[in-house]
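Report on the following structure.
The values are calculated or read from the model by the stated rules, or taken from the named source; none is laboratory data. Everything numeric here is computed off the predicted structure, so don't read it as measured data. Because the Cβ atoms are built from the backbone with ideal geometry, glycine has one as well, and the counts that use them run over all protein chains shown. SASA here: full protein model, heavy atoms, side chains in, ligands and nucleic acids out. Shrake-Rupley method; radii C 1.70, N 1.55, O 1.52, S 1.80 Å.
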Amino acid sequence: MPFSAQPPASGERYALSASLDNARHLSSLLRAVHFQDHATCLATASGLRVTVEDAKCIQANAFIQAEIFQEFSVQEESVMFRISLSVLLDCLTIFGSSSLPGTSTALRMCYRGYGYPLMLFLEEGGVVTVCKINTQEPEELLDFDFCSTKVVNKIILQSEGLREAFAELDMTSEVLQITMSPDKPYFRLSTFGNAGSAHLDYPRDSDLIETFHCNQTQTNRYKISLLKPSTKALALSCKVSIRTDAQGFLSLQYMIRNEDGQICFVEYYCCPDEDITEAEL
């Protein structure tokens, strides 16, 4: 009997219960935000959001919509807990990170509420493994307040264009400088490494650019050490939305299509590097 068809044991009431026919849909997204050991999980009726932060400068969010799950039930308005992301990923891939063709690991996930562990029931080839992962009280998360009305510039491009750029740019540079402008150079990525400065320009009519909405010229620098974790999501994605607000905060939203053709999103927020002067720009 598939996990989604199994009723909970009598008398048991879960604040969160969810099932997936293929646990890789979840583990691949979580790997895309796995740059710190711990994550904060928030479940609402719309789905599951897993948030990872570092040094109050960068935040990554993996969104798994409720429709992706075969079953997704939240008994409260929201359910929130902190968990070891490293342990969660180890459990999700307990049968191996890549299954044989035609096989997959089914997952049922249950959480009773505050103070209880997150329970995972994993089944592959008739073998069932049960994992209990301790949960912690969630910490307060950064609020980047990145609503659409505050976005100054926005570009949507095919991910292959950004992957090629990251492969070509000099990663010995401490910062990546991003210029977005309604006029030339339109969209420019710059580095300042051991070999000197390097610039990569994209014309607004480039085949790689799907949407180009730039209201004003902005040049901001971001520490490459903060942006590097986002390359995990970039490698999985088919499109990326690059947005900045008036303060120079950066949003990188990656659209990821799973094996079944379903769409999920991973979003990175990054603070600009303030250790520069106008003269350097």
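How many residues does the range 159-186 contain that are touching a strand residue (DSSP E or B) at 6+ places or on another chain (Cβ under 6 Å) and within 14 Å of Val240 (Cα to Cα)?
The qualifying residues number 3.
Out of all the residues in the range 44-77, which are under 28 Å from Val240 (Cβ atoms), more than 18 Å from the chain's Cα centre (by Cα) and surrounded by fewer than 16 Cβ atoms within 10 Å (Cβ to Cβ)? Working first, answer last.
Filtering the range 44-77 down to residues under 28 Å from Val240 (Cβ atoms) leaves 44-69, 72.
Remaining after also requiring more than 18 Å from the chain's Cα centre (by Cα): 45, 72.
Scanning the range 44-77 gives a single hit, Ala45.
As an exercise: evaluate Ser230 against (1) crowded, with 17+ Cβ neighbours inside 10 Å; (2) within 23 Å of the chain's Cα centre (by Cα); (3) assigned to a strand (DSSP E or B) and give the number of the one condition it does not meet.
Condition (3) is where Ser230 drops out.
Here is a yes/no grid of residues against (1) at pLDDT 95 or above; (2) assigned to a loop (DSSP other than H, G, I, E, B); (3) within 21 Å of Gln253 (Cβ to Cβ):
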{"residue": "Met1", "(1), (2), (3)": "no, yes, no"}
{"residue": "Pro8", "(1), (2), (3)": "no, yes, no"}
{"residue": "Tyr14", "(1), (2), (3)": "no, yes, no"}
{"residue": "Leu26", "(1), (2), (3)": "no, no, yes"}
{"residue": "His34", "(1), (2), (3)": "no, yes, yes"}
{"residue": "Ile64", "(1), (2), (3)": "no, no, yes"}
{"residue": "Glu67", "(1), (2), (3)": "no, no, yes"}
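Return the only residue of Phe249, Phe166 being open to solvent by 10 Å² or more (accessible area, probe 1.4 Å) and in contact with a helix residue (DSSP H, G or I) (Cβ under 8 Å, 6 or more places away or on another chain).
Numbers: Phe249 fails: in contact with a helix residue (DSSP H, G or I) (Cβ under 8 Å, 6 or more places away or on another chain).
Only one candidate passes the filter, namely Phe166.
Can you tell me which condition Leu30 does not meet? The list is (1) more than 17 Å from Glu267 (Cα to Cα); (2) crowded, with 16+ Cβ neighbours inside 10 Å, and all the others hold.
Only one criterion in (1) more than 17 Å from Glu267 (Cα to Cα); (2) crowded, with 16+ Cβ neighbours inside 10 Å is unmet by Leu30, namely (1).
Quick one: count up the residues across the range 169-205 that are open to solvent by 10 Å² or more (accessible area, probe 1.4 Å) and either of a type in the set (Gly, Ala, Ser) or part of a loop (DSSP other than H, G, I, E, B) (or both).
19
One line per residue, one yes/no per condition, for (1) basic (Lys, Arg); (2) out of contact with any strand residue (DSSP E or B) (no Cβ under 6 Å at 6 or more places or on another chain); (3) in contact (Cβ under 8 Å) with a residue 40 or more places away in the chain:
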{"position": "Ser237", "(1), (2), (3)": "no, no, yes"}
{"position": "Thr244", "(1), (2), (3)": "no, no, yes"}
{"position": "Gln247", "(1), (2), (3)": "no, yes, no"}
{"position": "Leu250", "(1), (2), (3)": "no, no, yes"}
{"position": "Gln262", "(1), (2), (3)": "no, yes, yes"}
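Which residue, of Ser225, Ser237, Ser206, Ser251, is small (Gly, Ala, Ser), at pLDDT below 90 and within 24 Å of the chain's Cα centre (by Cα)?
Details: Ser237 fails: at pLDDT below 90; Ser206 fails: within 24 Å of the chain's Cα centre (by Cα); Ser251 fails: at pLDDT below 90.
Unique residue meeting the criteria: Ser225.
Cβ-Cβ distance below 7 Å, separation of 6 or more or different chains: which pairs start in the range 195-218 with a residue that is within 15 Å of Ile178 (Cβ to Cβ) and end on one that is outside any strand (DSSP E or B) and aliphatic (A, V, I, L, M)?
Ala198/Leu169; Leu200/Ala165; Leu200/Leu169; Tyr202/Leu208
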